[in-house]
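Single-structure report; data block below.
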Amino acid sequence: MIKNRIIQGDCIEVMKNFPSNSIDLIITDPPYGDNIGYGWNNKKIKNNETPLINCLALIEMYRLLKRNSSLYIFTNWKHYPFLTEFILRYTKLKIRHLIVWKKHNFGLGWAFRHQYELILVLEKGNPKYTLTDFSDVQSCSHINHNKTNHPHEKPVDLLEKIIKHSSKEGDLILDPFCGSGSTCKASNNLNRKWIGIELDKKWCKINKKGG
Ligand SMILES: C[S@@+](CC[C@H](N)C(=O)[O-])C[C@H]1O[C@@H](n2cnc3c(N)ncnc32)[C@H](O)[C@@H]1O
């Protein structure tokens, strides 16, 4: 299996080529399926028309995870009920917890401006966690998009904290919807092996240049 690389393609097809029980940790941030553009210039990402793609990908992700491993998936309050219903009905993943990522600053807009996102913690078996100071509210800055310009780039420091909590050096981490490659960068910083998958050539090119 190729490691420390971003593979361009549809993650469901790409993941079918990976062996079962081969991944130590999955952190991923799929399109939520709300079919909208983001930011002042209304940027859109691929496959954001329905939430089906990320639900279906969970079935492959479960197969790839080693026993006693965790899967962190970003979501929002609108998509959360559909996602959890799908997980409970159609996967063998166990729902362990829900983390609130509270951003220091607000998103664009007016009434009810966005200041948090959700991260669902899913498990295959009974994973161990290492940090004693890891709470279910994680405070961290909103990302400054000037580096990659990906509308959903996630903060590397938040991802590093999750990685420290759920893996050890040398482990293999997968992000099947890797976008600008923030999970890959965080894994690399902490001496973990990693694989990113991204459908959109544009983000793969930026990743090659080092984001
Ligand atoms: C919410 S963004 C991820 C952003 C990422 N967390 C970051 O920090 O940059 C979701 C990404 O999934 C990609 N995507 C959509 N459908 C996909 C598929 N079938 N396989 C792989 N990537 C896909 C989109 O192009 C988009 O870049």
- Note on the structure: Summing -39500 (n - 2.57) over every DSSP H run of at least 4 residues in the chain and dividing by its residue count gives a helix-only mean residue ellipticity at 222 nm, to the nearest 500 deg cm²/dmol, of -8000 deg cm²/dmol
- Which order do the peptides 53-65, 102-114, 122-134 take when ranked by the mean count of other beta-carbon atoms within 10 Å per residue, highest first? 53-65, 122-134, 102-114
- Message: Just to check I understand the Karplus step: with θ = phi - 60° and J = 6.51 cos²θ - 1.76 cosθ + 1.60, what whole-Hz values come out for segment 48-61, glycine and proline as x?
- Response: 9, 6, 9, x, 5, 4, 6, 5, 5, 4, 4, 5, 5, 4
- Task: Specify the inter-centroid distance of segment 44-99 and segment 20-35, based on alpha-carbon positions, in whole Å.
- Result: 7 Å
- Message: What is the percent carbon and sulfur in the accessible area of segment 23-80, measuring with a 1.4 Å probe over the protein chains and ignoring ligands?
- Response: 56 percent
- Just tell me which aspartates and glutamates come within less than 19 Å, Cα to Cα, of Lys164; anything on the same chain fewer than 8 places away is out. Asp24, Asp29, Glu123, Asp133, Asp136, Asp175
- Task: Using a cut-off of 15 Å between beta-carbons, work out the net charge of the residues near Arg192 (Lys and Arg +1, Asp and Glu -1, Arg192 not included).
- Result: +3
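Calculate the dipole size of the chain relative to its Cα centre from +1 charges on Lys and Arg beta carbons and -1 charges on Asp and Glu beta carbons; express the result in debye to the nearest 20.
With Lys and Arg at +1 and Asp and Glu at -1, about 380 debye.
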- Query: How many Å² of accessible area per residue for segment 5-208, probe 1.4 Å?
  - Reply: 51 Å²
- Convex hull per residue volume in Å³, alpha carbons only, for segment 5-208: 115 Å³
- Note on the structure: Once normalised by the length of the chain, the mean sequence separation of its alpha carbon contacts under 8 Å that are 6 or more apart gives a contact order in percent of 27 percent
- Query: Mind listing the phi-derived Karplus ³J(HN,Hα) values for segment 171-181, rounded to whole Hz, using 6.51, -1.76 and 1.60 with θ = phi - 60°, and x for any glycine or proline?
  - Reply: 5, 9, 10, 10, 10, x, 10, 7, x, 6, x
- In the full protein assembly as shown, how much of Asp136 is accessible to a 1.4 Å probe, in Å² to the nearest 10? 70 Å²
- What list of ³J(HN,Hα) values in whole Hz, one per residue of segment 149-164 in order, does the Karplus curve 6.51 cos²θ - 1.76 cosθ + 1.60 (θ = phi - 60°) give from phi, with Gly and Pro shown as x? 6, 6, x, 10, 4, 9, x, 5, 5, 5, 5, 5, 5, 4, 4, 5
- Message: Give me the count of lysine pairs in segment 1-152 whose alpha carbons sit under 16 angstrom apart, restricted to pairs 8 or more positions apart or on different chains.
- Response: 10
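The values are calculated or read from the model by the stated rules, or taken from the named source; none is laboratory data. Only a predicted model underlies this, so the values are computations on that prediction, with no experimental measurement involved. Glycine gets a Cβ as well: all are built from the backbone with ideal geometry, and neighbour counts include every protein chain shown. Heavy atoms of the whole protein, side chains included, go into the accessibility calculation; ligands, DNA and RNA do not. Shrake-Rupley method; radii C 1.70, N 1.55, O 1.52, S 1.80 Å.
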